[in-house]
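Peer 1: A single structure is presented below for examination.
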Amino acid sequence: MMDQGFEQVASMGIGMTLLMAIMSFVIFAMAIGVMIFIFSRVLKQSRDNQKAPELSVYATVVSKRMRVMNEITSYFATFQVDSGDRMEFHLTGNDYAMLAEGDYGQLSFKGTEFLEFVRK
C-alpha cells in the first residue's frame, strides 16, 4: 500500500522534472530567437543605410536628449528641415556636445545615419 503512494509521488517527480526541462528549453529557444531577430534588424538597417544616398539639407536643431541605460549613455538630436519634417538621429557624444537647440545649418545624413551638421 505504501509502495503505491511512493510510486505516484516518484512518477509525479519525473513528470515535473520533464516539464521543467521542456520549459527551460522553450525559454532558451525563445531567447536565442529574440537575439537572432534583433541582430537581423540591425544588419538590415546597416545594409539599408549603406545603399541610401547621402543627403544634405538645411535644418534647425529642435531638441536634444540623452538616454542612460546600465551606465551607457546614448545621445539623440531632432532636426526640423525647412519643409517642416522632423528627423531624429543617434549621435556620438562629441557631435551631441557641439549642438545647441535652435542652431541652423546644413545637416548631412545617409539613411538613418547622422553624418554631420555644419552651423550656418
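The values are calculated or read from the model by the stated rules, or taken from the named source; none is laboratory data. Fair warning: this is a prediction, and the values are worked out from it, not measured in the lab. Cβ: placed from backbone, ideal geometry, glycine included. Neighbour counts: every protein chain shown.
Peer 1: Only residues that are at pLDDT 90 or above and closer than 30 Å to residue 113 by Cβ: list them for the stretch 1-42, please.
Peer 2: 31, 32, 33, 34, 35, 36, 37, 38, 39, 40, 41
Peer 1: Any residue in the stretch 45-59 that is basic (Lys, Arg) and at pLDDT below 95?
Peer 2: Looking through the stretch 45-59, at least one residue is basic (Lys, Arg) and at pLDDT below 95.
Peer 1: Failed condition for residue 116, given (1) surrounded by 13 or more Cβ atoms within 10 Å (Cβ to Cβ); (2) in contact with a helix residue (DSSP H, G or I) (Cβ under 8 Å, 6 or more places away or on another chain); (3) of a type outside the set (S, T, N, Q), with all others met?
Peer 2: Among (1) surrounded by 13 or more Cβ atoms within 10 Å (Cβ to Cβ); (2) in contact with a helix residue (DSSP H, G or I) (Cβ under 8 Å, 6 or more places away or on another chain); (3) of a type outside the set (S, T, N, Q), residue 116 violates only (1).
Peer 1: Something else now. Considering each residue of the stretch 72-120, count those that are basic (Lys, Arg), under 24 Å from residue 44 (Cα atoms) and in contact (Cβ under 8 Å) with a residue 60 or more places away in the chain, and give that number.
Peer 2: Matching residues across the stretch 72-120 total 1.
Peer 1: I've got another one for you. When the stretch 88-115 is examined, which residues are found to be more than 17 Å from the chain's Cα centre (by Cα) and closer than 20 Å to residue 48 by Cβ?
Peer 2: Residues satisfying the conditions are 107, 108, 109, 110, 115.
Peer 1: Every residue in the stretch 41-90 that is of a type in the set (Val, Ile, Thr) and surrounded by 12 or more Cβ atoms within 10 Å (Cβ to Cβ), please.
Peer 2: Selection gives 57, 60, 61, 62, 78, 81.
Peer 1: Here is a follow-up. Count, please, the residues in the stretch 37-71 that happen to be farther than 25 Å from residue 106 by Cα and touching a residue at least 24 places away in the same chain (Cβ under 8 Å).
Peer 2: 0
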